[in-house]
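The values are calculated or read from the model by the stated rules, or taken from the named source; none is laboratory data. Keep in mind that what you see is a predicted model, and the values were worked out from it rather than measured. Cβ atoms come from the backbone with ideal geometry, glycine included; neighbour counts cover every protein chain shown. Calculation scope for accessible area: heavy atoms of the full protein, side chains included, ligands and nucleic acids excluded. Shrake-Rupley method; radii C 1.70, N 1.55, O 1.52, S 1.80 Å.
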Amino acid sequence: MKRKQFLKICTIAGVGILTAPHISFKPNNQEFDKNFLIGKSNYEFKGPSWKMEQETYAQFLSMKKAAKSAGFNIEVVSAYRSFERQKQIFEGKYKRFTKAGLAPLKAIEKIIEYSTIPGTSRHHWGTDIDIIDANGSPRPSSVLQAKHFHGSGPFCKLKEWLNKNAANFGFYEVYTDNANRKGFKYEPWHFSYAPVSKQLLTDYRKLDVKQILLEEKLLGAEYFTDAFILKYRTENILDINPELIV
Ligand SMILES: [Zn+2]
């Protein structure tokens, strides 16, 4: 399926306009479809086992090639994730934490240190990736931990390379190590392809997140009060690397 299938087609002078993806990703007067923004579209993401939005994928391959000549083997741990997959992750943790004795709201607060509420993940867009160095040795059993990207960690050298070079390919760290940043914790492995994700975030901000979450009847949804949603939106969705905000 082509990109046009997740673009909401608006009209210019009464005529539906579609512009080929190679000309412009998001032509004027078009917005991303809500279903795409919340991980429910049937857009054809690109990639072997993991999937990415097509422009992101092309740039990722260029970055991977450049990293390879510098001695790194970029491995994708996670890329596109559907609403349903995120729901399994969220509800699985919710059940586990509440069973272990946490009050529901505490369980949700613990989940959202690193995981998103389904419908709000940047991984729904196919522009965001979690990456490590497959050559990093010794390979830890749990790869996505900040300590592995620093000091003598196995992914530290790749991280240094990414800090210098990822932006040349349009990729930026999302959840930076900035002590003043709120929301999700520092994720040195999570990068976003800015030329596309900035546009997606702009459109995402127009959605009524609370309404979407209530419609989905998620476990714990009764705790998504206006105050909770406002805080989540301000801190978890929007308190990110400023390079990724229009
Ligand atoms: Zn991630």
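Considering only region 117-128, how many residues are assigned to a loop (DSSP other than H, G, I, E, B) and either open to solvent by 10 Å² or more (accessible area, probe 1.4 Å) or modelled with pLDDT under 95 (or both)? So the answer is 1.
Yes/no per residue for (1) crowded, with 16+ Cβ neighbours inside 10 Å; (2) among the charged types (D, E, K, R); (3) under 22 Å from E243 (Cα atoms):
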position	(1), (2), (3)
E91	no, yes, no
T98	yes, no, no
K106	no, yes, no
P138	no, no, no
F155	yes, no, no
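A Cβ distance below 6 Å, combined with a sequence gap of six or more or placement on separate chains, defines the contacts here; from region 102-113, residues that are of a type outside the set (A, V, I, L, M) reach residues that are modelled with pLDDT under 95 in the pairs P104/G220; P104/Y223; E113/K185.
Among the residues of region 67-83, those identified as more than 15 Å from the chain's Cα centre (by Cα) and either among the β-branched types (V, I, T) or away from the ligand (no atom under 16 Å from the Cβ) (or both) are A67, K68, S69, A70, G71, F72, N73, I74. Screening E160 with (1) under 26 Å from E235 (Cα atoms); (2) more than 15 Å from the ligand (Cβ to nearest atom); (3) part of a helix (DSSP H, G or I) gives one miss only, at (1). Within region 43-76, work out how many residues are among the aliphatic types (A, V, I, L, M) and open to solvent by 60 Å² or more (accessible area, probe 1.4 Å). So the count comes out to 1. Applying the condition of being part of a loop (DSSP other than H, G, I, E, B) and within 11 Å of the ligand (Cβ to nearest atom) to region 169-193 and asking which residue is surrounded by the most Cβ atoms within 10 Å (Cβ to Cβ) yields P188. Looking at this structure, is K40 in contact with an Asp or Glu (Cβ under 9 Å, 6 or more places away or on another chain), open to solvent by 30 Å² or more (accessible area, probe 1.4 Å) and not aromatic (F, W, Y)? Against the criterion (in contact with an Asp or Glu (Cβ under 9 Å, 6 or more places away or on another chain), open to solvent by 30 Å² or more (accessible area, probe 1.4 Å) and not aromatic (F, W, Y)), K40 qualifies.
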